[in-house]
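Single-structure report; data block below.
The values are calculated or read from the model by the stated rules, or taken from the named source; none is laboratory data. As the structure is a computational prediction, the values presented were derived from the model and not from experiment. Note that we place each Cβ from the backbone using ideal geometry, even for glycine, and neighbour counts take in every protein chain shown.
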Amino acid sequence: MTGKNTPDGLVVVDKPSGFTSHDVVAKMRGIAGTRRVGHAGTLDPMATGVLVLGVQKATKLLGHLALTEKEYVGTVRLGQNTVTDDAEGDITTTADASDITREAVDAAIEPLTGDIMQVPSKVSAIKIKGVRSYKRARDGEDFEIAARPVTVSSFTVHDAHHDTAADGTGVLDLVVSVVCSSGTYIRALARDLGAALGVGGHLTGLRRTRVGPYKLESARTLDQLQQELTVLPAGEAAAAAFPRWDIDAGRASRILNGVRLDMPDEYAAAGPVAVFGPGGRFLVLAEEQRGKAKSLAVFDTP
């Protein structure tokens, strides 16, 4: 398959552990036969699960999809801090977590739920004055990252059991699920939960099960995609992720020629809206601005 006949659309990948998001994009470029591939938000190398890729024109959807809600399942170990706030980093401190109760865990989770201010991990990809945080950390710089607002809609413990780590530390392992806004770091939640309980904590496993409307059930592994490239057409992808506005042929022609149409009041505060013309043609992604439809990305021709 070459880029000329690769359809525009999204590919929902079940990312394997050990791959960076860029590794997956590079692999998909080979599978799809096109350089026009991007991702809607990164997923740490250790993590597995839903990574949404855009192919061809659908790459224009990615920046808007990246802002949607995400859902995870993971495991947290209380009693150990690590350099990276996850299992990939060296252990920095330990504390006996044998006496930590489930009630104490639930109480400590409550302040980490809702609209909160979160400090990302120092080995995250956040840029500080143009330089990635993880590079500054690797270079041994002493720096701070400002807290940023995130929303944790739910942070639930499904199982908790005490264990003994390889170094003899009494630890408490939790199985958790999290529903959160874009930009939330699950390993930072693990770190902050451990800090609140006075024993430290880090993330030992993470699987993303949903990005916006795209769920793990519809994801395909790279091996499966190598055998059969499954692409969700751009129109279907947009209709699943954004409110839909259908317009007639006359207005379709005008909006594709750059005319800002009057936008119905129902879309005034909806954010991006997928605009469709006759026959289900996906025309543009638009948003309301002063009562008019401002095109964010164009997917069809006049």
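Per-residue answers, yes or no, for (1) surrounded by fewer than 18 Cβ atoms within 10 Å (Cβ to Cβ); (2) touching a Leu at 6+ places or on another chain (Cβ under 6 Å); (3) in contact (Cβ under 8 Å) with a residue 40 or more places away in the chain; (4) of a type in the set (D, E, K, R):
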position: L53; (1), (2), (3), (4): no, no, yes, no
position: Q56; (1), (2), (3), (4): no, no, yes, no
position: T59; (1), (2), (3), (4): no, no, no, no
position: L65; (1), (2), (3), (4): no, no, yes, no
position: V73; (1), (2), (3), (4): no, no, yes, no
position: Q80; (1), (2), (3), (4): no, no, yes, no
position: E88; (1), (2), (3), (4): yes, no, yes, yes
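Taking the conditions exactly as written (assigned to a strand (DSSP E or B), farther than 17 Å from A40 by Cβ and more than 27 Å from the chain's Cα centre (by Cα)), does A252 satisfy them or not? Lay out the reasoning, then the answer.
Numbers: assigned to a strand (DSSP E or B): no; farther than 17 Å from A40 by Cβ: yes; more than 27 Å from the chain's Cα centre (by Cα): yes.
Taking the combined requirement at face value, the residue does not satisfy it.
If only one of T230, T209 is closer than 16 Å to K15 by Cα, of a type outside the set (D, E, K, R) and modelled with pLDDT under 95, which one is it? Please lay out each step first, then the result.
Numbers: T209 fails: modelled with pLDDT under 95.
None of the others qualify; the one that does is T230.
I'm trying to understand the selection: among the residues of the range 187-214, which are surrounded by fewer than 19 Cβ atoms within 10 Å (Cβ to Cβ) and over 19 Å from T156 (Cα atoms)?
Correct list: G198, P213.
So which residues in the range 82-112 are over 13 Å from D167 (Cα atoms) and in contact with a Gly (Cβ under 6 Å, 6 or more places away or on another chain), if there are any at all?
T82, V83, A97, S98
Would the range 173-188 turn up any residue that is basic (K, R), farther than 25 Å from A239 by Cα, over 16 Å from the mean Cα position of the chain (by Cα) and not assigned by TED's automatic domain parsing to the domain that holds T42? Show your work before the answer.
The first filter runs over the range 173-188 and keeps only residues basic (K, R), leaving 187.
Still in the running and farther than 25 Å from A239 by Cα: 187.
Okay, now just the ones that are also over 16 Å from the mean Cα position of the chain (by Cα), so none.
So far as the range 173-188 goes, no, none of its residues is basic (K, R), farther than 25 Å from A239 by Cα, over 16 Å from the mean Cα position of the chain (by Cα) and not assigned by TED's automatic domain parsing to the domain that holds T42.
Go over the candidates A87, A40 one by one and state the one that is over 19 Å from L285 (Cα atoms) and at pLDDT below 95. Outline the logic, then answer.
Details: A40 fails: over 19 Å from L285 (Cα atoms).
The match here is A87.
Which of the residues spanning the range 173-184 are more than 9 Å from V76 (Cβ to Cβ) and outside any loop (DSSP other than H, G, I, E, B)? I'd like the intermediate steps shown before the answer.
Taking the range 173-184 first, the residues more than 9 Å from V76 (Cβ to Cβ) are 177-184.
Matches in the range 173-184: S177, V178, V179, C180.
Filter the range 235-249 down to the residues that are under 18 Å from the mean Cα position of the chain (by Cα), of a type in the set (G, A, S) and buried (at least 18 other Cβ atoms within 10 Å of the Cβ) and list them by number. First the steps, then the outcome.
Here is the first cut: in the range 235-249, the ones under 18 Å from the mean Cα position of the chain (by Cα) are 237-238, 240-242.
From the residues that got through so far, the ones that are of a type in the set (G, A, S) too are 237-238, 240-241.
A237, A238, A241, listed by residue number.
Inspect the range 216-234 for any residue being surrounded by fewer than 15 Cβ atoms within 10 Å (Cβ to Cβ) and over 30 Å from N5 (Cα atoms) and give the result as yes or no.
No, every residue in the range 216-234 fails to be surrounded by fewer than 15 Cβ atoms within 10 Å (Cβ to Cβ) and over 30 Å from N5 (Cα atoms).
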